[in-house]
Amino acid sequence: GRCHIAPSARALAGPSSPDEMMATSADPAVARRTGWRRRLKQFVGSNIRQVPCLHTVVDALPGALRFWRRRQYQTIGQDEEDDGTEVEDRRQKVNYMVGQVLVKVAMFSIVGITVLFVVRMGPANTPTLEEMLVRGAITPQQFKEKEFRRDSPLVLYVGALEMLICGLCAQTAASMYTRRRHALRHPKDCSEREQARYIQVYLRKDPGKLDKQHYGLGYRPSSDGLECLLVEDIRPGSLLDLWNQRAARGASQPPPADADAAAPGAEALRPPVRVHPGAAVVAVNDVTADVGLMQLELTKAEVTLWVRSEVYHPSQLESEVLAEPDPVVSTGPAVDVAPASELHMQQQLEQGNDPGPVFLGRPALGGEEVEAIVEPTAIPGPCCACASFEDEEPQILMRWLVCSVLFGWVTWLPVVFVQPHEARPRQHLFRQYLLKPGLLIMPLWLLFWLLDCIEVLVASKVFSPFLYLTLVHMIFPGVMVWYLLKLQAADEKLVLEQRKSRQAEAEKTLEPLQPVATEDAPPTLLKEFITLNPVALVWVGSVASIAVLTASMLTPMKTERARLAQGFLHMVYGPLIIFQIMFAQVVYSSTFLDVPRLYLTFFGLLLSIPCFMVWCCCLMCATRYGRQDMALVQKQRLERSRAIFDRTRAAPRPEALEEAQEPPPLVIEPAAAELVDLTEAWQREWEYIFTV
C-alpha cells in the first residue's frame, strides 16, 4: 500500500488575513463547527487505521482503478528514480514471500469455492429446500444435511478470507519495517542529486537564550518503522517560522561552518521551499532513523534538520484518504496570489488597531519590497519543551495482536515474522514474549483450523463444534491474552528505562539543553483494546472478555496513564462477560450440522439492534477514555513543567548580586501557555503533539 501525508491548503496557507484569523478564534460558532469537523475527520481516520492491510490491496490494483491519484507505492528507502542504484533492505523478505504465497493460495481457493457453491446450488428452476420440506419430499434430518451442503461454501469463504488477510498483513508488515532511504544512508552522505530532494534547515538559538528559546517545531513521532518526526505545527514567530519567511523570499539560512554538512553546489539544486505541516524530519544533525535520539538532538542549541515534504508509508493510511485538495496558486509572472505569511500576521498583531499596509499577494522571489522587510526577533516560546526519547511505537503490530485474540494465527504470524531492528529493543519484545508460547499454541491452532475446513468441505464430522470453538476461540486466546499483558508491562518498563538513560546521558554533556517536560508513555496495547473498532470489540469480548479481565487484574502497571487505561479496560470488557457466557451456551447446544447456520447467525447478530446499542456504548467508553487520557496528559505536562520552573526559580543567585544585596526579582506565576505547549494533533484523535 501507499500513503502520502499531504498538507491541506489550510495548513499551508493559514488564515487568509489577520482579521480572519482573529474572527475564527473569537467566533464560538466557527470554533464549534471547526471542532465538529475535526473530530469527525479524526474518528474516520482512527477507523481507517484499523485496516492498514488495505495498502497491499490498493497496490495490487491497476493504476486506472485507484482513487489515489498518484504513482505506485514507493517508500523513502526504495529506488525512487527507478535506476537500480538504490541499496535495498532485504531483512523482511521472509514475511513478504509468505504473504505472496498466502495471497495466491487464497485467491485460488476463492475461485474453487465459488465453483463448488454454483454446483451445489443446482439449476435455477430447482425447488428450494424449504419448499421440499413443506411438501414432505424430504425429512427434517435430510433437510439439515442438504442445508449443510448448501451453506458450507460460505464457511469455506471465511477460511479463504482469513488466508487472504494474513497474506495482506504479512506484505504490509514487510513494507512497513523495510528500512527507508534515510535509514540506510544519512542524507548528508548522499549525492547532490539525492540531497536536492530534502530541505536542509539550519537553526541556531540566540546567545543567552540557549536553554529558553524554542525552535517552534510541533511534531509527533512516527510509528511502525517509518522512523521520522511528522511535522504537525509551526509556532508563529519562532526560529523555524522565520526560516520559512527567508526561504520564501529566496534568502536561505547560512549553512553551518562544517563543510560536510552541505555538499558544494547543493544549495543551487535545492529549491527555496517551506517546511509545512505534513512534512517529515528524517534526520537531525548526525542522527537519522531513530525518533528517540532525533528528539534528544532537538534539545540542543544548534540543529540541522533534513526534511522531506512527502512521506509514503502504510502506517499513515488515513492521511492519504482524508487529504484535502492541493491549493490553487495563480501563475502570474509577478505575484503569486496566496494568503498572508506568518511574518505579516505577526506584524499586524503587533501594530494592533493602527492602520498599516495590507498585502493582497505574496511578492515574487527576489522582489525589492520583500528584502526591505525587517524581521522581528524570534519569540522564545514556553518555559519547557515536550519530547519523548524512547524508540518508535509499534501501533499497528499491537493492533494486529489484539485482533489475533479473535482471528488467531491470521494476524499473529505477520507480527512474529517481522525481523526486528538490531538497535530497537521495543521491536525485540514481540519475539521475546510471543515466540515461545506461539510455537506451542499456533501449530495446534492451525491444525484445528485445517481440520475444521476439511470436515466442512467433505461434510464429515471429525470433532464436535463445542470442542473446536472452545479451544480455538476461548482457551487459546486466553493464553495469548496473558502473554500480551506481560508484553505491555515489559514495554512500559523499557520505555521508562530508555527515557531515564538517554536523559542522563544528555545531561553529561557541557552543552546547555532545553528543559523537557513529558507525560507518561501511552499504553499502546491497552489503548488498542479500548479503542478497537466496535464490531471487532464485541467479537473479542464475546470470546475472551474473562481472559482479558483476569490478565489485566494480575498484571499491575507502573504509570498513571496505564492504570487509567486498565480502569477503562475493566469498564468495557466487564459487561461483555455476559456475551461470552451466551456464546458458550449456544456453542454447547450446537451440533455439527448446525455449523454453517451458526456462523451465519453470528454475522446476523452483529447487525441487530442489541449489538448496535453495545457498539454505541463502546464508542462512548472509547471517547470518554480519550478525553480523560488527554486531560491526564495535560495535567502531567503542566505539573512537570511547573516543577522545572520552580527549580529554576529556586536556583542559587550569582555571587555578584548577593554581594550587592540586591532584592530578588519579582516572579509572577506563569500561565499554562507559558509553561508548556498544549496543541492537539490534527492527524490523531485525542493526542497532543510534541514541541521543541
Answer residue from the stretch 206-241, given it is open to solvent by less than 10 Å² (accessible area, probe 1.4 Å) and either in a helix (DSSP H, G or I) or among the charged types (D, E, K, R) (or both) and is modelled with the lowest pLDDT among those: ASP224
In the stretch 507-518, is there at least one residue being assigned to a helix (DSSP H, G or I) and either more than 21 Å from the chain's Cα centre (by Cα) or surrounded by fewer than 17 Cβ atoms within 10 Å (Cβ to Cβ) (or both)? yes
Identify, please: which residue in the stretch 675-692 is of a type in the set (Val, Ile, Thr) and crowded, with 19+ Cβ neighbours inside 10 Å and is, among those, farthest from ARG647 (Cα to Cα)? ILE689
With criteria (1) at pLDDT below 85; (2) open to solvent by 40 Å² or more (accessible area, probe 1.4 Å); (3) touching a strand residue (DSSP E or B) at 6+ places or on another chain (Cβ under 8 Å); (4) in a helix (DSSP H, G or I), PRO255 comes up short on (4)
For LEU446, work out the one condition from (1) in contact with an Asp or Glu (Cβ under 9 Å, 6 or more places away or on another chain); (2) touching a residue at least 24 places away in the same chain (Cβ under 8 Å); (3) open to solvent by 20 Å² or more (accessible area, probe 1.4 Å); (4) within 30 Å of SER589 (Cα to Cα) it doesn't fulfil. (1)
Boolean, ALA261 is modelled with pLDDT under 85 and more than 28 Å from ARG502 (Cβ to Cβ): no
Which residue pairs have Cβ atoms closer than 6 Å, lie 6 or more positions apart in sequence or on different chains, and pair a first residue in the stretch 165-179 that is at negative phi with a second residue that is among the hydroxyl-bearing types (Ser, Thr, Tyr) and modelled with pLDDT of 90 or more? CYS169/THR411; GLN171/TYR96; ALA174/TYR96
Candidates ARG193, ARG179, ARG149, filtered to the one that is open to solvent by 30 Å² or more (accessible area, probe 1.4 Å), at pLDDT below 90 and not in a helix (DSSP H, G or I): ARG179
The condition of being small (Gly, Ala, Ser), part of a loop (DSSP other than H, G, I, E, B), at pLDDT 75 or above and under 30 Å from ALA517 (Cα atoms) holds, among GLY292, GLY278, only for GLY278
Counting just the residues of the stretch 95-141 that are under 30 Å from GLN171 (Cα atoms) and of a type in the set (Gly, Ala, Ser), which one comes out surrounded by the most Cβ atoms within 10 Å (Cβ to Cβ)? GLY99
Can you run down the residue pairs with Cβ atoms below 7 Å, 6 or more apart or on separate chains, where the first is in the stretch 122-140 and at pLDDT 80 or above and the partner is surrounded by 10 or more Cβ atoms within 10 Å (Cβ to Cβ) and part of a loop (DSSP other than H, G, I, E, B)? MET132/ILE138
Name the residue that is nearest to the chain's Cα centre (by Cα), counting only residues in the stretch 581-595 that are hydroxyl-bearing (Ser, Thr, Tyr) and open to solvent by 30 Å² or more (accessible area, probe 1.4 Å). TYR588
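The values are calculated or read from the model by the stated rules, or taken from the named source; none is laboratory data. Treat the numbers as computed from the prediction; the structure is a model and nothing was measured. Glycine also receives a Cβ, built like all others from the backbone with ideal geometry; neighbour counts cover every protein chain displayed. Surface accessibility is based on the protein's heavy atoms, side chains included, excluding ligands, DNA and RNA. Shrake-Rupley method; radii C 1.70, N 1.55, O 1.52, S 1.80 Å.
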